[in-house]
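Dumping the structure here so I can ask a few things about it.
The values are calculated or read from the model by the stated rules, or taken from the named source; none is laboratory data. Since this is a predicted model, take the numbers as computed values, not measurements. Cβ coordinates were reconstructed from backbone atoms using ideal geometry, including for glycine residues, and neighbour counts include every protein chain displayed. For the accessible areas, the whole protein counts, side chains as well, though only heavy atoms, and no ligand, DNA or RNA atoms are used. Shrake-Rupley method; radii C 1.70, N 1.55, O 1.52, S 1.80 Å.
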Amino acid sequence: MSEAGSKLIKSARQALAYARGEVSAGFIAHVPDEVDVKAIRMSLGLTQPEFSNRFGFDVRAVQDWEQKRRQPDRAARVLLTVIAREPDAVRRALGDSE
């Protein structure tokens, strides 16, 4: 894994620990209450199956999120926020060789 990928994973773990209340000091992660999954996916030019495979989501979950039948949980919203801002870093961190 690249250094950037390692840093991204470390940051995501720190954000998750903070969100769970395991850390009370340090940076404060802003986790949005809602994420527009379809807008993120469309901005990347991916189909639902492509988006699901690339970022490790179940395609049915993506469909449910886009149709507003379900909301992504907190950890998924963190990852989706990072995907929206730095999709290449997430791709590198998750080992996609495309």
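Limited to the range 83-98, what total is found for residues that are open to solvent by less than 50 Å² (accessible area, probe 1.4 Å), under 16 Å from Ala15 (Cβ atoms) and either outside any helix (DSSP H, G or I) or modelled with pLDDT under 95 (or both)?
3
Let me ask something else about it. Looking only at the range 16-71, count how many residues are hydroxyl-bearing (Ser, Thr, Tyr) and in a loop (DSSP other than H, G, I, E, B).
Total satisfying the criteria: 2.
If you scan the range 8-38, which residues turn out to be farther than 16 Å from Arg91 by Cβ, open to solvent by less than 90 Å² (accessible area, probe 1.4 Å) and touching a residue at least 24 places away in the same chain (Cβ under 8 Å)?
Within the range 8-38, Ala15, Leu16, Ala19, Ala29, Val31, Pro32, Val35, Val37 meet the criteria.
Further question: Considering the range 45-60 alone, what residues qualify as being buried (at least 16 other Cβ atoms within 10 Å of the Cβ) and touching a residue at least 12 places away in the same chain (Cβ under 8 Å)?
The answer is Gln48, Arg54, Phe55, Phe57.
Among the residues of the range 73-82, how many are open to solvent by 30 Å² or more (accessible area, probe 1.4 Å) and either modelled with pLDDT under 90 or closer than 13 Å to Phe51 by Cβ (or both)?
1
List the number of the failed condition for Arg70; all other conditions in (1) surrounded by fewer than 18 Cβ atoms within 10 Å (Cβ to Cβ); (2) under 24 Å from Arg13 (Cβ atoms) hold.
Looking at each condition in turn, Arg70 falls short on (2).
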